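Peer 1: Shown below is the structure under consideration.
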Amino acid sequence: MGTRDIESLTAAEILAIPTDEPERIYAREETRARAQYHTLVKRWHPDVCTDPLAATVIAHLNALILRAEK
């Protein structure tokens, strides 16, 4: 999934990704996965995003990146 693709994901689409399948959102290469993670955090962080699911999305993104880094 390219950077342009991940920026357009909805909360529902992100939350639908199982935590044991981080490759569905993050690249397998760690540096690229980290960059994708930071792109998503900038978009979804509750301090900047008004979506009521923002905090839940961030928690899910954190779980996914931790799994991706294993």
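The values are calculated or read from the model by the stated rules, or taken from the named source; none is laboratory data. Model, not experiment: these values are computed from the prediction. Please note: Cβ atoms are built from the backbone with ideal geometry, for glycine as well, and neighbour counts cover all protein chains shown. Each accessible area value is taken on the protein alone, full model and side chains, heavy atoms only, with ligands, DNA and RNA left out. Shrake-Rupley method; radii C 1.70, N 1.55, O 1.52, S 1.80 Å.
Peer 1: Looking at (1) of a type in the set (A, V, I, L, M, F, W, C); (2) closer than 15 Å to residue 6 by Cα; (3) in contact with a Pro (Cβ under 9 Å, 6 or more places away or on another chain), can you tell me which one residue 55 breaks?
Peer 2: (2)
Peer 1: Pick out the one residue from 38, 60 that is open to solvent by 60 Å² or more (accessible area, probe 1.4 Å), within 9 Å of the chain's Cα centre (by Cα) and not polar (S, T, N, Q).
Peer 2: When all the criteria are applied, what remains is 38.
Peer 1: Further, regarding this structure: Could you check, for segment 28-43, whether at least one of its residues is in a loop (DSSP other than H, G, I, E, B) and modelled with pLDDT under 95?
Peer 2: Initial filter on segment 28-43 (in a loop (DSSP other than H, G, I, E, B)): 28-29.
Filter once more, keeping what is modelled with pLDDT under 95: 28-29.
Yes, the conditions are met somewhere in segment 28-43.
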